[in-house]
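Each remark here refers to the structure printed beneath this line.
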Amino acid sequence: MPVEELAVSKTSTLIEMAETFGAHNYHPLPVVIEKGQGVWVWDVEGKRYLDCLSCYSALNQGHCHAQIILAAVKQMRKVTLTSRAFHNTELGPLLCELAGVCDMEMALPMNSGAEAVETAIKAARKWGYTVKGVPADQAEIIVFDGNFHGRTTTIISFSTESQYRAGFGPFTPGFKVVPYGDAKAVRAAINRNTVAVLVEPIQGEAGVVVPPEGFLRELRNLCSLENVLLIADEIQTGLGRTGRMFACDYERVQPDMYILGKALGGGLYPVSAVVSSREILGVFQPGDHGSTFGGNPLACAIARAALHVIQDENLVTCAAHMGDYFREGLAAIRSPYVKEVRGKGLLIGVELHKSAGKARPFCERLMAESILCKETHEQVIRFAPPLVITREEIDWALERIARVLSNPGL
């Protein structure tokens, strides 16, 4: 049998195995990735693709960054897990560096982004009861339609996406949903029991939705006036993705809490954190909250290296310049399908006209052109390559994207 047929057979076998023995909670493109380096990945057939998804922004530093791998291997040869029952050599330095990057006082490390969101919710509620004086079990948090903060039962309780909720009730109370980008609606929703406003500075899963200019600044002023915490979920937008260290920086807004994740793990390991003030995170006492793996030495060593790469390689500036270049190139494509190109930095959404059909077939065509991306909210193609991408690699991608988006016969 020819090598090509053997490879295809391997692809089919691996996909069939995943589909047979795995729960069908994802609908991946039919490609089996075997290795990655920088902005490139290779499938089991040896075909090379440009990764334009970056694992939903978890790979800002690129695949298999040598410095992050070195830090991981070095730590793995010493100690990988201690639990928070003991101190370890990497935890203190990471917390110090996170506080410095965020201009905050304290940090609390967890594992997944959803875990960090749950941590922020718990912190905000306890702050409301112990500091603000909200009556017991009456705390309310304001959130926005189109939000995506994770998949836990509490988080889907305030999702406005029907599929995320269907079949998973009963739901956690204590949340008010208002229109995204509408500061007046937030003002009207605030009452004496409001403890926080939880916001994505740019909504990624909703289709890379950028709020009106000044919205975050209005939220900041309103929260300060009403003694309400402003919580910024920067899990996807943070750590350079949007061309600033944090998307909030575009409006010079300092939230009361940052929620971080994804790129904090450097593409190697799940690491997340809530970063805030001593007043807010100080509400936690021993036994209030915890995680067996949160803050383990391996995670901390990787996260420190991930932060250093972002800073040392000027990836924030790279994202700003390359993002402008990529968006301009996408906007210049003459396409009967494209309604709008939007985003900041290297978080870009290409919204299609409804008449073009769903975005999935376009992503499949792009895969055939050796570009990996994924649809979001049916009509939007999300482009979010690693921040190490070069102008030449963007030109390579634009040539192929243009073939797909400008072809009336699709």
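For the chain, the mean residue ellipticity at 222 nm estimated from helices alone is -11000 deg cm²/dmol, where every DSSP H run of n ≥ 4 contributes -39500 (n - 2.57) and the total is divided by all residues, rounded to the nearest 500. So for the range 189-328: antiparallel DSSP bridges make up what percent, rounded to the nearest 5? Roughly 40 percent of the DSSP beta bridges within the range 189-328 come out antiparallel.
Just how many % of Cα pairs in the chain lie over 26 Å apart, if you round to the nearest whole percent?
Details: 46912 of 83845 pairs.
Within the chain, distances greater than 26 Å cover 56 percent of Cα pairs.
Measure out, as a whole number of angstrom, how far apart the alpha-carbon centroids of the range 74-119 and the range 308-351 sit. Computed from Cα coordinates, the inter-centre distance equals 31 Å. On the beta carbon distance between Q311 and E392, with R0 = 30 Å, the FRET formula returns roughly 0.80. Each residue, Q138 and T89, gets one label point 7 Å from its Cα in the Cβ direction; the gap between the two is 5.2 nm. What number do you get for the range 21-123 when its Cα radius of gyration is normalised by 2.2 N^0.38 Å, N = residues? That works out to 1.39 for the range 21-123.
Based on C-alpha pairs under 8 angstrom that are at least 6 apart in sequence, the chain has a relative contact order of 22 percent.
Simple spin-label estimate for S9 and D288 gives 6.0 nm between the two label positions (7 Å along the Cα-to-Cβ direction from each Cα).
If we sort 24-37, 370-383, 217-230 on the protection proxy, mean other Cβ atoms within 10 Å, highest first, what's the order?
Descending mean neighbour count gives 370-383, 217-230, 24-37.
Full extension of the chain between Y129 and R151 gives 5.3 nm of extra length, using 0.36 nm per residue less the Cα-Cα distance.
Report for the chain the percent antiparallel among DSSP-assigned beta bridges with both residues inside it, nearest 5.
65 percent
Using only side-chain charges placed at the Cβ, +1 for Lys and Arg and -1 for Asp and Glu, the dipole size of the chain relative to its Cα centre rounds to 380 debye.
Taken over the range 50-191, the convex hull of the Cα atoms encloses 197 Å³ per residue. If you bin every alpha carbon distance in the range 179-310 into 5 Å steps from zero, what whole percent lands in each bin? Final binned percentages: 2, 10, 17, 20, 18, 15, 10, 5, 1, 0.
For the pair the range 220-276 / the range 125-150, the C-alpha centres are spaced 17 Å from each other.
Report the full-extension gain for the segment S355 to N227: residue separation times 0.36 nm, less the Cα-Cα distance, to one decimal in nm.
41.5 nm
Pairs spanning more than 31 Å between alpha-carbon atoms, out of K122/K184; K78/K122; K184/K358; K35/K344: K78/K122; K184/K358. Note on K122 and A331: with the Förster distance fixed at 30 Å, the Cβ-Cβ geometry gives a FRET efficiency of about 0.10.
Given their separation in residues at 0.36 nm each and the Cα-Cα distance between them, I33 and F171 gain 46.0 nm when the chain is fully extended.
Between the listed residues A139, G240, A331, the Cα displaced farthest toward the positive end of the dipole of the chain, a dipole computed from Cβ unit charges relative to the Cα centre, is found at A139.
Within the range 114-255, the ratio Rg/Rh, alpha carbon atoms throughout and Rh by Kirkwood, equals 0.94. Put simply, when 139-150, 234-245 are sorted by average Cβ atoms within 10 angstrom per residue, most first, you get 234-245, 139-150. If you take the beta carbon distance between D103 and Y164 as r and set R0 to 25 Å, what does 1/(1 + (r/R0)^6) give as a FRET efficiency, to the nearest 0.05? Taking R0 as 25 Å, the efficiency between D103 and Y164 is 0.15.
Here, each number is a calculation from the coordinates, and none is a lab measurement. Worth saying up front: this structure is predicted, and the values here are computed from it rather than measured. Because the Cβ atoms are built from the backbone with ideal geometry, glycine has one as well, and the counts that use them run over all protein chains shown.
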